[in-house]
1. Looking at A:ALA67, is it at pLDDT 85 or above and of a type in the set (A, V, I, L, M, F, W, C)?
2. Residue check: is D:GLY103 within 14 Å of chain A (Cβ to nearest Cβ), part of a helix (DSSP H, G or I) and free of Cβ contacts under 8 Å to residues at least 40 places away in the same chain?
3. Would you pick out the residues in the range C:353-371 that are of a type outside the set (Gly, Ala, Ser) and within 11 Å of chain B (Cβ to nearest Cβ)?
4. Of the numbered conditions (1) at pLDDT 95 or above; (2) open to solvent by 20 Å² or more (accessible area, probe 1.4 Å), A:GLY183 satisfies every one except a single condition; which is it?
5. Just name the residue that is farthest from C:VAL18 (Cα to Cα) out of those in the range B:1-48 that are open to solvent by 80 Å² or more (accessible area, probe 1.4 Å), of a type outside the set (A, V, I, L, M, F, W, C) and away from chain D (no Cβ under 12 Å).
6. If a residue has to be of a type in the set (A, V, I, L, M), farther than 15 Å from C:LEU465 by Cβ and within 16 Å of ligand 4 (Cβ to nearest atom) to count, how many in the range C:163-221 make the cut?
7. Filter the range A:183-227 for residues that are in a helix (DSSP H, G or I) and small (Gly, Ala, Ser) and give the result.
8. Can D:GLU321 be described as within 16 Å of ligand 2 (Cβ to nearest atom), within 27 Å of D:ASN89 (Cα to Cα) and modelled with pLDDT under 80?
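The values are calculated or read from the model by the stated rules, or taken from the named source; none is laboratory data. Remember, it's a predicted structure, so these values are computed and weren't measured experimentally. Note that each Cβ is placed from the backbone with ideal geometry, even for glycine, and that neighbours are counted across all protein chains shown. Just the protein is used for accessible areas: all its heavy atoms, side chains included, with ligands, DNA and RNA removed. Shrake-Rupley method; radii C 1.70, N 1.55, O 1.52, S 1.80 Å.
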Amino acid sequence: DPAVVFDLGGKFDKSFNEAAFNGAERWKEETGGSYREVEMQSEAQREQALRRLAESGSNPIVMTGFAFGNVLSEVAPDYPDTTFAIIDAVVEEPNVRSVVFKEHEGSFLVGMMAAMASESGTVGFIGGMDIPLIRKFACGYAQGVLAVNPDATVIANMAGTTPAAWADPVKGSELTQAQISQGADVVYAAAGATGVGVLQTAADQDILSIGVDSNQNYLHPGEVLTSMLKRVDNAVYEVFAAGDAVETGVNVMGLENEGVGYALDEHNADLVTAEMQAAVDEASAAIIAGETEVHDYMSDESCPALSF
Amino acid sequence: MDVMPKWAEVVLVPLISLVLAFLISALVILGIGENPVNAIRVMVSGALGSAYGWGFTLYYATNFIFTGLAVAVAFHARLFNIGGEGQALIGGLGVAFVCLYIPWPHWSLALLGATAGAAIFGAIWAAIPAWLQAKRGSHIVITTIMFNYIAAALLSYMLTEQIKAPGSDPASAFFPDATNLPTFYDMFSWTGLGFSEFTPANVSFLIALLACLFVWVLIWRTKLGYEIRAFGHSEPAAKYAGISPTKIIMVTMIISGALAGMMAINNVMGEAERLNLNAAEGAGFIGIAVALMGRSHPIGVFMAALLFGFLYQGGAELAFSTSIPSQLIIVIQALVILFTGALDNMVRMPLERIFLTLRRPPKPETKLEAAE
Amino acid sequence: MTDPAIELKGISKSFGPVQANKDIAIRVMPGTIHGIIGENGAGKSTLMSILYGFYKADAGEIFIRGQKTEIPDSQAAIAAGIGMVFQHFKLVENFTVLENIVLGAEDSGLLKPSLGRARRELAELSKEYELNVEPDALIEEIGVGMQQRVEILKALYRRAEILILDEPTGVLTPSEADHLFRILENLRAEGKTIILITHKLREIMEITDTVSVMRRGEMTATVKTAETSPPELAELMVGRKVLLRVEKAPAQAGDVVLEVRNLSVTDDKGVQRLKGIDFDIRGGEILGIAGVAGNGQSELLEVLGGIRSATGTVRLKGQEIDLTGTQSDGRSRRARGIAHVPEDRQREGLIMDYHAWENVAFGYHHDSRYGSGIFMKNAAMKEDTAGKMERFDVRPPDPKLAAKNFSGGNQQKIVLAREIERSPELLLVGQPTRGVDIGAIEFIHEQIVALRDQGKAILLVSVELEEILALSDRIAVMFDGQIMGERLPEDTNETELGLLMAGVTDTDAPHDVSEIEANLAHAGHR
Amino acid sequence: MDFLTLLQVLDSTVRLATPLLLACLAGLFSERAGIFDIGLEGKMLAAAFLSAAIAFVTESAWIGLLAGIGASMVLAGIHGLASITFRGNQLISGVAINFLAAGMTVLVAQSWFSQGGRTPSLMSGGRFEPVTLPFAEALSGVPVLGPIYTELLSGHTVLVYLAFAMVPLTWWILFRTRFGLRLRAVGENPAAVDTAGVSVVGLRFAAVAICGVLCGIAGAYMATALQAGFVKDMTAGRGYIALAALIFAKWRPWYALGATLLFGFLQAIALRPDVIEAVLSFRVQVQLLDALPYILTVVILAGFVGKAVPPRAGGEPYVKER
Ligand SMILES: Nc1ncnc2c1ncn2[C@@H]1O[C@H](COP(=O)(O)OP(=O)(O)OP(=O)(O)O)[C@@H](O)[C@H]1O
Ligand SMILES: Nc1ncnc2c1ncn2[C@@H]1O[C@H](COP(=O)(O)OP(=O)(O)OP(=O)(O)O)[C@@H](O)[C@H]1O
Ligand SMILES: [Mg+2]
Ligand SMILES: [Mg+2]
């Protein structure tokens, strides 16, 4: 049986881990198979969990989060017959599939939509913990905004610098209020449970918000402009579906293979104009074609569109 | 004078309390629709049933011994050090500096250096609130809480701006191999105890035991310990005896902070082998419970730390092999703390009555008669 | 024959393994003052606390005015017309007098009307019984004398007909004590019944009608005061003959040991507590300091004992003593040969949770005999304690017992053993026999005199004039941070000293109580 | 910092201070009666959860509020049982309650809603809506005072006004009523209360119950007014901050208002790096910004506030006989 290991946030974080969970569930529903799952409580359990699963015969084993990177590079060689898949990190071992996403590309698209939906010309970004990965989101977003409206202002805030920053929706709310008072009328939240507060306040204050990772449009129908999709669910689903035969090596999920994207459904159909959709799809095509280059913050830890 | 024999006080009361805590826990497990007997069995066999389980249980216990001793030492001076978490984080910083920037020839020397580094850094982090308490009268409970938050921010700054290794997460580089501590596997392979190569318990456990001994000697065998306890019992009396409150507050908190900081040799140096943001993982707070439950005595702290180590590892096993949410472990911890620490009189009072009636008839001795 | 105001039958009470009261019976007739005496720990306070509903008896019956009455709590006792003034006052320190009086006896949910009525009634009660109090003063800012009046008023405000006082005079000056007795006589004249616990036989003889003696939890005798004598009572109490006077030879004063010049102290609140004091003490001499509590005696002891810093000059055997710097703490004082028996043994002199053997080293724990290097030698401490306990007749002689489990007198003996046995050059003693029973008082006085006879200097501070007169070779009277005058014990009397203590120096002229009260009110915080 | 920015920061201050204020007053009642309570955090958390859960089920914020208060009271009852009836260690009991709430909320939420230890989002009926004070619209044009009234004072939920009204009410109860007199007395010297014929146990339980009610409101405010549902650990340490504010306030109601507003303000200003940079005219490291409220608390505490003397009988069980 396959197995999935969730990171400290837990499988119901409404975004990243939950997406992985959804992928696994989808696989289970469609195939009727069963899988094992483990949630992390502490750092020391990472290795423990991987080894336990490998020894008990689970295969393949998917883990969510870059924090597993170092542990996996130690564990993987000990279990050459087991295939591991890690999301958000690259581990160069023969039996590891590394899935990484081009979040900056997806963020670019929702940034464009934000700029088009904004009337004030000021849009906001609220990140969870201040780490390079989140800056990557912010940077792509800012590039998208500026691509549409070079005069636009992007206000970026991080909820904090410690893991607690992922779990304080009240802080998310207040940051949103602060951004609104600075003129923002669209905010993009990439902040775990803190983002729940962001979306809530945006809805309460009648401005638009943008969800992240999973499709969060349904949380406030008609008030969430879109969600930047990071198809962790697809990644997990694919690994599970491939079973023993899963391909190892680096698997980059970008626009071209629908690894990232934006969400369009009945909840935001009225918000996304045809014109908006057209512009975004065009940009998407250009990015896939390599005509438009979106800068990846993590490639050099710098951002041309936004200063942190 | 005591109503109950010592064994009843030391063994019976905690044991019955523990049983009560587990009974209520069983009800909770039933309440969420799971099988409590199975759950307890999984926890016990997973944490204590194999050398593998012990390898984790003792690893967690090591953390809690350090933070528990830290809180306990401060308690003897009636100082409530809630700052163990922050001191442990900063201790980790000390370990990281020592391991990263000094070329150590052998782990044993590195361990000495790292212990010193952790202790010094932790001590500094405790010394500031201590100084504020002694000189400015700032309540140590508030300042140590604040210093936990400040420590987290400082660590974040160090790990993102100063000693960050290339890569996505805010963490330091891995420490050089020469600083890697031997685990129980390395240490006890010749005994056939069968510790797994992959369990994190390591030589710092022995340091933790030494720390217990150190605290015991300090508190009950040295002049300083005598003064610390005297100050804790009565500040006016301490002044009368020529014991300087400033000195005691500072020294006690420095020792306390050093002990909390030393936790880092276990988790940072012994397990992760690098410094990351999660370095303390709440062990500082568990330390409060451990010290309170252990009645601030090193042996009690050791036992309580083992109990919490068991709960941590048993809980992990529970998460591996059942679908019980991991929060159940927090609930069990809460009930254990509640029953053994706060509701202990609920058990003690009836027991005392029983012992009193048991001993009345044969031996109607009173203090007054003993006075003759 | 009238029913007794109170009748207790077969009262027993245990605290865990300790039986504090054993099958006690007592009858108290209405309109009388009934004394209860007994050694420390005899069970007096426990018995009265049971009557007041503070403790619940294990067995026994209570009859009030002939009626069997259940007293499960203090509420019931109050309802039965009983009031009690505890040995350690039960007042809320940072409340006003008025608030303390209405606490628990308010008329309604709102405070204002209650306080208004209490203020009016207080004025009447004060007048009626000469119980002056300042309704709006905070308890922590008034003296013990007034605190005690507040406690009495609390009882009267609750319409108490039966008033219990537990060691009320332990902390009072003679004039305050006289005043209290006048009040008690007034109350008796009003028909109220009073139970008085005391260690002082003089008081029993002076004011009570009947007296009961307790020993080791049992009631050993009840006699008419008129038909007994102090020596008889003392013997009933202690179980042996007690010397009621201090026997001491004339002083053989030697060289000056302590020289104090222009000593001044200002406390944290900026109040000047000592205003330039000068005096000397010679070897082989006891200098007694008399004074109303709060007039600077405590500060004087603290300065000399190294607990408080001060300005001025103090020399011990000609060598100056550091009053402010790094050498100004208890440890350096002890190293110089100054021993200190503090006024409050439970708060300062002992660590109540420490075993006796740990307390015996308290303050001297750096001595080489108790430790080496950074370590303490517990075995040596225990051995030393066993010896000291034997020599000072500490009961029970168990070094492992915690200090809090000894009675007041025995606690004091532990402190004295620690401080005296080292033969200090100078012994500072504050309130050596406060709350201590007569058997122990006799012993403690003997020890102090014996030290004097070894040629050591002794500074004795006590609010008990009787004690000052009995022990001192010279007497200095303090008032408001100054020394009002020095007298020789054989040339003075309690009246003269009492006036000096109130700041009156023309002791021959007539003075009334209000003048004295006004004077005292101005001194320090009183 | 311009006027409107200031208003926004102050507005945020009010919202952030409200749960702190309620929890602080809760602690005030308990600690004034001599029962130390580091379990404020846990009680708030439990209340946040149950209020959100019940508000979701009933679609009534008010019923949710009652449920939240109930949850908090149950924990308060446990604290009372441990520290009053069984004379246990109050600190341990508080720690245990925090753990218990952290675990139970998620456990129950998970087995109830299966949404990963949170409650579903509340729709409008389940939430407390902002109240617009009378004439808010009309007065908004008045210079200075107008915006202060419309932006800052008006437009909060009823629980905010309740919290602020609790300050004078607490003062009045403590210092003007019989209950308050007895409550303060029992925290200073329980023996005095006992010998005055009043039940120490009863008073202390009453105080602990009031503490439960106020923590309940604080938790419900977070889950059903500020937010629209419960998220695991959503109180995020505010109970500890409230405790710090209580000590800071020296256990007095008006000071508690000042202290919590100050803490709220420090948190609010830390959310505005733009303002701080504008005022200081240089960039502040984010981590420093994060830690700013805590650093300033320490500085203020050390610099301006003298020794805080807790109620004298605080933290010690009342033991008559052993
Ligand atoms: N609250 C208590 N808990 C346990 N034991 C107590 C308590 N109070 C008194 N005792 C015990 O009961 C005995 C009687 O004490 P009690 O206070 O009645 O004596 P007393 O005659 O008032 O003494 P004293 O003259 O010193 O005031 C003491 O020896 C003590 O051991
Ligand atoms: N709560 C208690 N637990 C145990 N013993 C107690 C308790 N309260 C009092 N005692 C003991 O009861 C005896 C008498 O107590 P009490 O309070 O009357 O003090 P005391 O001996 O009169 O001292 P002092 O006169 O200095 O106050 C002492 O042995 C004291 O240690
Ligand atoms: Mg007594
Ligand atoms: Mg006494």
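1. Numbers: at pLDDT 85 or above: no; of a type in the set (A, V, I, L, M, F, W, C): yes.
No; evaluated as a whole, the condition is false for this residue.
2. Yes; evaluated as a whole, the condition is true for this residue.
3. Restricting attention to the range C:353-371, the residues satisfying the condition of being of a type outside the set (Gly, Ala, Ser) are C:353-355, C:357-360, C:362, C:364-367, C:369-370.
Scanning the range C:353-371 gives C:ASP353, C:TYR354, C:GLU358, C:ASN359, C:PHE362, C:TYR364, C:HIS365, C:HIS366, C:ASP367, C:TYR370.
4. (1)
5. Among those residues, the one meeting the criterion is B:ASN35.
6. Of the residues in the range C:163-221, 9 are of a type in the set (A, V, I, L, M), farther than 15 Å from C:LEU465 by Cβ and within 16 Å of ligand 4 (Cβ to nearest atom).
7. Quick first cut of the range A:183-227, residues in a helix (DSSP H, G or I) only: A:193-204, A:217-219.
Hits for the range A:183-227 are A:ALA193, A:GLY195, A:GLY197, A:ALA202, A:ALA203.
8. On the way: within 16 Å of ligand 2 (Cβ to nearest atom): yes; within 27 Å of D:ASN89 (Cα to Cα): yes; modelled with pLDDT under 80: yes.
Criteria met by D:GLU321.
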